[in-house]
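First up is the structure itself, then whatever we jot down about it.
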């Protein structure tokens with residue numbers, strides 16, 4: 001609404017100047033024709049100090065300059081609003097056209113300078129130049145005054161031409177002339193006031209935006225601090241899960257291996273020695289895996305092998321070390337996913353085996369992986385003692401956390417042995433390199 005109002009004022013401002021210049025030119029020309037027609041030229045010349053040499057030329061030149069001025073304003077409005085060089089050139093052309101019009105009219109009308117000054121204030125982007133431009137325009141406007149210039153130079157006067165007419169017509173023409181000059185000054189003042197108001201409003205909006213940005217910046221800093229704390233907490237939990245799974249699995253295997261050694265040491269010393277060698281190998285492997293879990297939080301098996309190979313290597317180690325029969329079956333070919341998915345799958349199987357041996361005293365563990373509608377279903381079942389009242393321990397809690405990070409679900413059942421059923425959404429389609 002405000003832009004439409006300003007646009008209307010600019011059109012009105014331009015219209016008054018065009019009407020004033022064209023009206024003065026036409027008035028001088030037609031009055032000269034009338035004087036010649038009525039054969040009052042000698043008498044009129046004797047009453048005035050100067051007359052225009054070529055009234056028709058004045059009309060033509062002023063018409064051309066007005067057309068250039070209007071076209072220049074339209075071109076600047078539509079083509080050069082964001083072009084600083086184009087704005088400077090067109091404003092300079094406006095100024096030259098206005099000086100040409102004032103000169104051709106013998107300084108009888110200088111209001112067109114106010115139009116040029118108003119346009120300059122609107123289009124000059126650097127507000128440091130606003131006051132100098134207005135000051136310079138005011139000086140030129142005051143200097144380019146008929147009463148001031150006519151003291152030194154002989155200039156024709158519009159008022160002299162008005163006095164050629166009868167009393168009533170003189171009053172009408174003089175009133176119209178004065179009204180146009182006053183209206184032009186009034187619109188210039190109104191225009192400048194609106195420009196100043198618009199600039200103050202823009203400054204206030206900028207200040208408000210700045211305050212809003214500061215508020216948002218403060219909130220972002222607080223959010224960033226909160227996020228850092230959350231990331232730190234999540235990373236601590238992840239490290240705890242990794243170390244728990246790695247140590248728990250390794251220590252469970254060692255414990256089962258040592259128990260087997262104790263059971264057969266008297267009757268089968270050689271077999272006990274072999275069993276201890278397996279325990280020693282498991283200890284070294286566990287130490288290496290713990291170190292790697294702390295440094296990179298990704299199991300060494302997944303660094304050395306593909307997921308399925310890493311799982312089968314883990315199953316083979318448990319079968320030989322702990323005296324438990326573990327089987328792994330998968331219809332997913334290839335069993336390869338992104339790093340975070342593989343890590344979760346491996347850790348769930350590792351924790352499931354560990355819990356089956358440590359808490360369920362199982363002899364057989366069955367692991368099965370199936371794909372169904374973009375979901376990987378992982379089941380770990382054992383024939384241990386089960387658990388009717390499942391309590392949220394460290395292992396089951398971390399399994400839930402791991403699966404939930406991938407947007408999956410996991411459930412536990414201890415009615416017949418122990419069953420872990422995990423359903424994990426998988427980003428399918430990745431192949432081995």
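The figures follow:
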{"read-out": "Wholly enclosed helices (runs of 4 or more DSSP H) of the range 1-109 bearing at least 2 residues touching a strand residue (DSSP E or B) at 6+ places or on another chain (Cβ under 7 Å)", "value": "none"}
{"read-out": "Some residue of the range 53-61 being surrounded by fewer than 19 Cβ atoms within 10 Å (Cβ to Cβ) and over 16 Å from residue 156 (Cβ atoms)", "value": "yes"}
{"read-out": "Test: residue in the range 113-131 that is at pLDDT 85 or above, within 44 Å of the chain's Cα centre (by Cα) and surrounded by fewer than 18 Cβ atoms within 10 Å (Cβ to Cβ)", "value": "no"}
{"read-out": "Filter pass, residue 392 being modelled with pLDDT under 85 and surrounded by fewer than 17 Cβ atoms within 10 Å (Cβ to Cβ)", "value": "yes"}
{"read-out": "Conditions (1) out of contact with any helix residue (DSSP H, G or I) (no Cβ under 9 Å at 6 or more places or on another chain); (2) touching a residue at least 60 places away in the same chain (Cβ under 8 Å); (3) under 16 Å from residue 418 (Cα atoms): number failed by residue 348", "value": "(1)"}
{"read-out": "Only listed residue being in contact with a helix residue (DSSP H, G or I) (Cβ under 8 Å, 6 or more places away or on another chain) and either closer than 21 Å to residue 137 by Cα or not assigned by TED's automatic domain parsing to the domain that holds residue 15 (or both), chosen from 75, 65", "value": "65"}
{"read-out": "Near pairs, Cβ below 7 angstrom, 6+ apart or cross-chain, from the range 260-279 (in the same structural domain as residue 357 (by TED's automatic domain parsing)) to any residue that is not in a helix (DSSP H, G or I)", "value": "260/323; 272/265"}
{"read-out": "From the options 139, 151, residue that is loosely packed, with under 13 Cβ neighbours inside 10 Å, outside any helix (DSSP H, G or I) and either modelled with pLDDT of 80 or more or in contact with a strand residue (DSSP E or B) (Cβ under 8 Å, 6 or more places away or on another chain) (or both)", "value": "151"}
{"read-out": "Qualifying residue in the range 301-308 (condition: modelled with pLDDT of 75 or more and touching a strand residue (DSSP E or B) at 6+ places or on another chain (Cβ under 9 Å))", "value": "yes"}
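The values are calculated or read from the model by the stated rules, or taken from the named source; none is laboratory data. Values in this document were obtained by computation on a predicted structure and should not be read as measured data. Neighbour counts run over all protein chains shown; Cβ positions are idealised from the backbone, glycine included.
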